[in-house]
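Below: the structure, in structure tokens.
FYI, it's all coordinate maths here, none of it is from the lab. What you see is a predicted model; the values in this text were computed from it and never measured. We place every Cβ from the backbone using ideal geometry, glycine too, and count neighbours over all the protein chains shown.
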Amino acid sequence: MSLPLEPLSELKTLQIVVTGYNAVPYVADVPVTVLEKPYLAWASRQLAEDSSGDGEPSPGDALATRLSLKNLGRTDAPTPSATVSSTSPCAVVDDGQLAWNTVAAGATGASVGTFRWHVTPDCANATRATFTAAWTAGGEHGSVRFSENIKAPALRLSGARLVGDDNGNGKPDPGETVTLAVTVANDGLLASHAGEISASTAAPSLQLVAPAAALGAIAPGQTAEARFEVRVAADAASDTVAQVAFVLGGASLTHDLTIGTPVVRLFESSEAVMIPDPGSTTASLAVPAGRVEAVRVQLDIAHTWVGDLKASVLAPDGTRVALHNATGGSQHDLVGWYPTDHAPAGDLGMLRGRPTEGAWQLELSDSMSPDSGTTRGWKLEILGYWP
Ligand SMILES: [Ca+2]
Ligand SMILES: [Ca+2]
Ligand SMILES: [Ca+2]
């Protein structure tokens, strides 16, 4: 029988096991020796030139490799030559001819020149490219196999998050500029070059301050961040989702931004104030900084002829909305919420988007005597965006 052997790189002992039905296996150690001939085996390779200069085979590189072979045979290998070829679609051999000076028996010799090859630009990180060098020396021939690990950066957009907003509530609220941090991981075997991430959005409520952000070089296994500023339109609808897309090379990531939800806050006064008859008076409530989404006002006025009365709410910026405008004739009392219980005379929607900070005033006037009344307090409910 004959046993075909892969090209050897060193001389070892071959273990042969002979088995048969119902028989104890027979194990024999067979030392592998060489004939009185040259036999060239793999020793090492050295990357002599790399067009990208990092000393690693990477996509798009033009390379030159020197090959060292050792002579396991018992006689010298006179001026060996070899043709190198590749079976990998990633590694293309451009000039595979190699030559050596005579490699003495037992010695190792580096090729006089190099073989030239290149890595295809689309080669994936960690691809193992296999080469075969078919050699001849003094009428003997054989082959040697070796491989190269193609190293490339492999950038992945691993996530995006909001890291800053104007009012610090961690939400993109209407009218704010928010900062998004995009994290990029290098899963590859080679450091990436500095570059930039681009961003885009189709959401009418969002506007990118800049469409691209710089990204530094990233070592293998490390991450880096790029930051984008995004303006949220003042009229963006709350509690809706708007998307920003990020692209880096072939990698992309879509991030959802949920526009902030306004929150209700109640301000109230139970101070009783006489309304001059005739005449006018004002009650006020202090409100902190924020922005109005919607307003409700509760009146609690005891009066014997509401047709005498006018009531308006005045925002700190001077926007005035009439709640009651001398309607109702001889009816008694104005009690209840505008616009929930009673339709306001003016449009409370005019207050939307106004700043909340400052004194909100309730203006009350009575146009004629004798019927008179007293306000027993009032409430201001603001649905708003609060810092
Ligand atoms: Ca390289
Ligand atoms: Ca916010
Ligand atoms: Ca009156």
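Rounded, prolate or oblate: which one fits segment 1-68, using the alpha carbon gyration tensor with axes a ≥ b ≥ c (rounded when a/c is under 1.5, else prolate when a/b beats b/c, else oblate)?
Since a/c reaches 1.5 and a/b is larger than b/c, the shape of segment 1-68 is classed as prolate.
With the contact rule set at Cα under 8 Å and sequence spacing of 6 or more, what percent relative contact order holds for the chain?
12
To the nearest 0.05, how large is the calculated FRET efficiency for M350 and H193 if R₀ is 41 Å and r is the Cβ-Cβ distance? Numbers along the way, then the final one.
Working: r = 55 Å, r/R0 = 1.34.
FRET efficiency, M350 to H193: 0.15.
For the residue pair R265 and V209, what label-to-label distance in nm results when each label sits 7 Å from Cα along the Cα-to-beta-carbon direction?
Those two pseudo-labels are separated by 2.5 nm.
Just to confirm my numbers, what's the Cα centroid distance between segment 21-39 and segment 358-387 in Å?
Result: 106 Å between the Cα centres.
Compute the separation of the alpha-carbon centres of segment 301-333 and segment 172-209 and state it in Å as a whole number.
That distance is 52 Å.
Compute the signed sum of charges (Lys and Arg +1, Asp and Glu -1) over the other residues within less than 10 Å, Cβ to Cβ, of D308.
Working: positive: K310; negative: D277, D366, D371.
Neighbourhood net charge equals -2.
Pairs of Cα atoms under 8 Å, at least six residues apart: use those to get the relative contact order of segment 263-385, whole percent.
So the answer I get is 49 percent.
Cross-link candidates for K379: which lysines have Cα within less than 21 Å, leaving aside residues fewer than 8 places away along the same chain?
Cα-Cα hits under 21 Å: K310.
Highest GNM mean-square fluctuation, the chain, Cα pairs closer than 10 Å: which of L69, L285, L14?
Looking only at L69, L285, L14, the largest GNM fluctuation is found for L14.
Give me the percent relative contact order of segment 1-143, please, defined on Cα pairs under 8 angstrom at least 6 residues apart.
Value for segment 1-143: 23 percent.
Find how many whole Å separate the alpha carbon centroid of segment 90-107 from the alpha carbon centroid of segment 227-290.
73
About its Cα centre, what dipole magnitude does the chain give when the only charges are +1 on Lys and Arg Cβ and -1 on Asp and Glu Cβ, stated in debye to the nearest 20?
1480
What is the Å³ per residue value for the convex hull set by the Cα atoms of the chain?
It comes to 223 Å³ per residue, whole-number rounded.
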